[in-house]
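Below is one structure; the comments refer to it alone.
The values are calculated or read from the model by the stated rules, or taken from the named source; none is laboratory data. Not measured: the values here are computed from a predicted model. Cβ: placed from backbone, ideal geometry, glycine included. Neighbour counts: every protein chain shown.
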Amino acid sequence: VNKKDSPLEKLNEFIKFHFSFLEKNKQMTSVIFAEEIFTQSNILKEKLLKILKHRKMLIVDIIESAKSDNKIKEVDSTELSKIIIGTIRMSVLEWKLGNFSYSLIESGNKIIKNLEKLIFN
């Protein structure tokens, strides 16, 4: 995420990165939905938790920046980050279960537009 971008641009970049990466690397969707594997090893579990915390903090920081600039409605940043990550996850799961039959990137663009309408002033 580019530090010079606006909060909306940063959020767009975050979401687009994930969808673009997964569309190019479909096999990674199996890893994303294999949480049970990570609970069997403390090392893997800790690595996964570290990645999740990092991604959540990226979104929380974007939301906090938007709030301080009065660009976003007053919301709980941590809870909104969970909503955004959950939306990404649900979209990827639907895409995977649909046999990758449509563009995840195009789906992500629709999500971004709707998030913008919902949370940005």
For residues that are among the aromatic types (F, W, Y) and more than 19 Å from K50 (Cα to Cα), scanning just segment 18-36, find the one that is surrounded by the fewest Cβ atoms within 10 Å (Cβ to Cβ). F21
Out of (1) among the acidic types (D, E); (2) touching a helix residue (DSSP H, G or I) at 6+ places or on another chain (Cβ under 6 Å); (3) surrounded by fewer than 16 Cβ atoms within 10 Å (Cβ to Cβ), the odd one out for D5 is which? (2)
Can you tell me which residues in segment 76-95 are more than 16 Å from F14 (Cα to Cα) and surrounded by 15 or more Cβ atoms within 10 Å (Cβ to Cβ)? W95
Given the conditions (1) surrounded by fewer than 14 Cβ atoms within 10 Å (Cβ to Cβ); (2) modelled with pLDDT under 85, which single one is not true for S41? (2)
Conditions: (1) at pLDDT below 95; (2) among the charged types (D, E, K, R); (3) under 16 Å from K16 (Cα atoms). E106 meets all but one. Number of the miss? (1)
Of V1, V31, the only residue that is of a type outside the set (K, R), modelled with pLDDT under 95 and in a loop (DSSP other than H, G, I, E, B) is V1
Of the numbered conditions (1) assigned to a loop (DSSP other than H, G, I, E, B); (2) at pLDDT below 95, L49 fails exactly one; give the number of that condition. (1)
Only listed residue being in a helix (DSSP H, G or I) and in contact (Cβ under 8 Å) with a residue 12 or more places away in the chain, chosen from E116, E106, E79: E116
